[in-house]
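**Q** Just passing along the structure, written as structure tokens.
The values are calculated or read from the model by the stated rules, or taken from the named source; none is laboratory data. Quantities reported herein were computed from a predicted structural model and do not represent experimental measurements. Glycine gets a Cβ as well: all are built from the backbone with ideal geometry, and neighbour counts include every protein chain shown.
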Amino acid sequence: MSESTVYAIKLDEYIVDDIYQRLPDNVFSLIIPGFKIVLKPNWIRESHISRPKEWEQVITHPTVITAVLKKVLEKLQGLGSISIIDGPETSASFEEIISHYPVPLWKKMANETGIILDIIDLREDEWISDGNVVVERKKLPGDPYGSTQINLVDNTSEFFSHSPKNGYFGADSNINETNQAHDGSNNLYRVSRSVIEADVFINLPKLKTHKKAGITCSLKNLVGINTYKNYLPHNSIGTFEDGGDQFPVKNSKSVIESFLMPLIHQKILIKPYLAKIFSPILRLGVKLFGNNSQTIRGGSWYGNDTLWRTVLDLNKILMYGDPDGTMRRDEWSEVKQYITVVDGIIAGEGDGPKSPDTVTLGFIFCGTNPVATDAVCASFMGFDPLKIPSIAKAFSIKRYILTDFNYDQIEVNFNNENFKIREIPAKFNKKFRPPYAWIGHIELN
């Protein structure tokens, strides 16, 4: 199949055999006996943030993973290995995430075919939080096969020539560490060695909106291959007027918050014993400055000019990175074998990725290129793919390209009929509700 072709498979229910039988065999022909395979679901956290009984619109459904595992085991024919891995957000409980999944069944399926199956939490750290404040930090084993640190220097990174004067926010309160990792020339990432060593990487994202990226699908799901998340810039500090993308406009609240938050992070929140004392004050601050679902902060808007760079860099590392920390030759023939199966039967809209509302789309999407697949998925959501930075910017990458086709060559295959990306029938347009600060800026015209 062409890498610019994406299969849209209509499925109204989560039934393992139905999904397994509909997965296109020609896509999985990439897998041959003896290969090392990685399955990477979206396991961001155990449930919706404010509705803990809801999880199906937040993480990849168990039946999708089981169906893909069955297909992979069939192709390996008893030779090779499989790892099911992710690096959830640092405050998530891996034990509670895994409780949603039939792990004994997966082990049994693998054992019956003589295949080694690992289930791995890639994180090196886990946090215990009180609200949004980290009050305890503990070390985790991480990837048992280790991690690989890769430096994308100068124009090999999408951060080349992007130098916000106030620097970047990462995933933690240690702002200096994030900015040392991205200093204007060097761009450090620490990722799972299991992922880099895999012969075929199988991405299993949940289709959702994302308040910092527009959507989260195949491209954005690679944040979870990191073993150390504070190397990942999420937004640039300050207002748009000051060269940042933390806030879109400069007003009294944004000026105060952009001044105070770096100080609070670096002087207080980085120390758990102080963070515990400070937690009630931070909750008061939320009342004064607004909660995250209805207030633009932290780059949670359509003008975030930072996160897409992180996302595309990670996809370059997946496609071209070697276990010794070097990059392969900058040629399309060097890219890693790749499959993506997107869980869009039940999807998420609105305040994603951690607090989305349920929307029933009724589709599984399958392809061998993340950019093409995400463009098709965005179209089915009722969004314009070229208004989503991680998709649009992927076509202008100069070093370590992620596509060997242009946007207009993307096709969706539905019931053996092909449609060009700009000609997808309107009946497939579900019109997802965008995140709060993307409304009016992402939708198809």
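**Q** With respect to LYS267, is the statement that it is modelled with pLDDT of 95 or more and at negative phi true? Quick ask: steps written out before the conclusion?
**A** On the way: modelled with pLDDT of 95 or more: no; at negative phi: yes.
No, not satisfied.
**Q** When you go through (1) within 22 Å of the chain's Cα centre (by Cα); (2) surrounded by 15 or more Cβ atoms within 10 Å (Cβ to Cβ) one by one for ASN166, which number turns out not to apply?
**A** The one condition ASN166 does not meet is (1).
**Q** Please tell me if GLY367 is crowded, with 24+ Cβ neighbours inside 10 Å, in contact (Cβ under 8 Å) with a residue 60 or more places away in the chain and either in contact with a helix residue (DSSP H, G or I) (Cβ under 8 Å, 6 or more places away or on another chain) or basic (Lys, Arg) (or both). Let's see the steps before the verdict.
**A** Values: crowded, with 24+ Cβ neighbours inside 10 Å: yes; in contact (Cβ under 8 Å) with a residue 60 or more places away in the chain: yes; either in contact with a helix residue (DSSP H, G or I) (Cβ under 8 Å, 6 or more places away or on another chain) or basic (Lys, Arg) (or both): yes.
Judged against the criteria, GLY367 is a match.
**Q** Take LYS420 and decide whether it is among the basic types (Lys, Arg), out of contact with any Lys or Arg (no Cβ under 7 Å at 6 or more places or on another chain) and farther than 17 Å from LYS387 by Cβ. Please lay out each step first, then the result.
**A** Working: among the basic types (Lys, Arg): yes; out of contact with any Lys or Arg (no Cβ under 7 Å at 6 or more places or on another chain): yes; farther than 17 Å from LYS387 by Cβ: yes.
Considered against the rule, which asks whether it is among the basic types (Lys, Arg), out of contact with any Lys or Arg (no Cβ under 7 Å at 6 or more places or on another chain) and farther than 17 Å from LYS387 by Cβ, LYS420 comes out as yes.
**Q** Given the condition among the polar types (S, T, N, Q), assigned to a strand (DSSP E or B) and over 30 Å from ARG45 (Cβ atoms), answer yes or no: does some residue in region 353-375 qualify?
**A** Taking region 353-375 first, the residues among the polar types (S, T, N, Q) are 355, 358, 360, 368-369, 373.
Next, only the ones that are assigned to a strand (DSSP E or B) stay: 355, 358, 360.
Narrowing the set further to residues that are over 30 Å from ARG45 (Cβ atoms) leaves none.
No, region 353-375 contains no residue that is among the polar types (S, T, N, Q), assigned to a strand (DSSP E or B) and over 30 Å from ARG45 (Cβ atoms).
**Q** If ARG422 passes every condition in (1) farther than 30 Å from ASP322 by Cβ; (2) part of a loop (DSSP other than H, G, I, E, B) but one, which one does it miss?
**A** For ARG422, the failing item is (2).
**Q** Turning to a different aspect of this structure: Give region 407-427 a look and list any residue that's within 18 Å of GLY367 (Cα to Cα) and among the hydrophobic types (A, V, I, L, M, F, W, C), or say none.
**A** ILE410, VAL412, PHE414, PHE419, ILE421, ILE424
**Q** Here is a further query. Quick check on my filter: what residues within region 218-241 are touching a Phe, Trp or Tyr at 6+ places or on another chain (Cβ under 9 Å), part of a helix (DSSP H, G or I) and of a type in the set (A, V, I, L, M)?
**A** ILE225
**Q** Please go through region 142-155 and pick out each residue that is outside any loop (DSSP other than H, G, I, E, B), within 22 Å of the chain's Cα centre (by Cα) and surrounded by fewer than 20 Cβ atoms within 10 Å (Cβ to Cβ). Write out each step before concluding.
**A** Filtering region 142-155 down to residues outside any loop (DSSP other than H, G, I, E, B) leaves 147-151, 154-155.
Pick out the ones that are also within 22 Å of the chain's Cα centre (by Cα) and you get 147-151.
Hits for region 142-155 are GLN149, ASN151.
**Q** If you check TRP55 against the conditions, is it of a type in the set (Phe, Trp, Tyr), at pLDDT 95 or above, in a loop (DSSP other than H, G, I, E, B) and surrounded by fewer than 19 Cβ atoms within 10 Å (Cβ to Cβ)?
**A** Numbers: of a type in the set (Phe, Trp, Tyr): yes; at pLDDT 95 or above: yes; in a loop (DSSP other than H, G, I, E, B): yes; surrounded by fewer than 19 Cβ atoms within 10 Å (Cβ to Cβ): yes.
When the stated conditions are applied, TRP55 passes them.
**Q** Filter region 170-189 down to residues that are assigned to a strand (DSSP E or B) and touching a helix residue (DSSP H, G or I) at 6+ places or on another chain (Cβ under 6 Å) and give me whichever is surrounded by the most Cβ atoms within 10 Å (Cβ to Cβ).
**A** At the first step, the residues of region 170-189 found to be assigned to a strand (DSSP E or B) are 182, 187-189.
Retained after the next criterion (residues that are touching a helix residue (DSSP H, G or I) at 6+ places or on another chain (Cβ under 6 Å)): 188-189.
On the way: LEU188: 18, TYR189: 25.
Applying the filter and picking the extreme gives TYR189.
**Q** I'd like to know if region 399-421 contains one or more residues that are touching a strand residue (DSSP E or B) at 6+ places or on another chain (Cβ under 9 Å), modelled with pLDDT of 95 or more and within 29 Å of SER91 (Cβ to Cβ).
**A** Checked region 399-421: no residue is touching a strand residue (DSSP E or B) at 6+ places or on another chain (Cβ under 9 Å), modelled with pLDDT of 95 or more and within 29 Å of SER91 (Cβ to Cβ).
**Q** Name every residue in region 363-393 that is among the small types (Gly, Ala, Ser) and closer than 14 Å to LYS431 by Cβ, in order of residue number.
**A** Going through region 363-393, the residues among the small types (Gly, Ala, Ser) turn out to be 367, 372, 375, 378-379, 382, 390, 392.
Selection gives ALA378, SER379, GLY382.
**Q** Which is at positive phi and buried (at least 19 other Cβ atoms within 10 Å of the Cβ), of GLY80, GLY87?
**A** Details: GLY87 fails: at positive phi.
The conditions single out GLY80.
**Q** Give the residue, chosen from ILE19, ILE44, that is modelled with pLDDT of 95 or more, touching a Ser or Thr at 6+ places or on another chain (Cβ under 9 Å) and within 23 Å of GLY350 (Cβ to Cβ).
**A** ILE44
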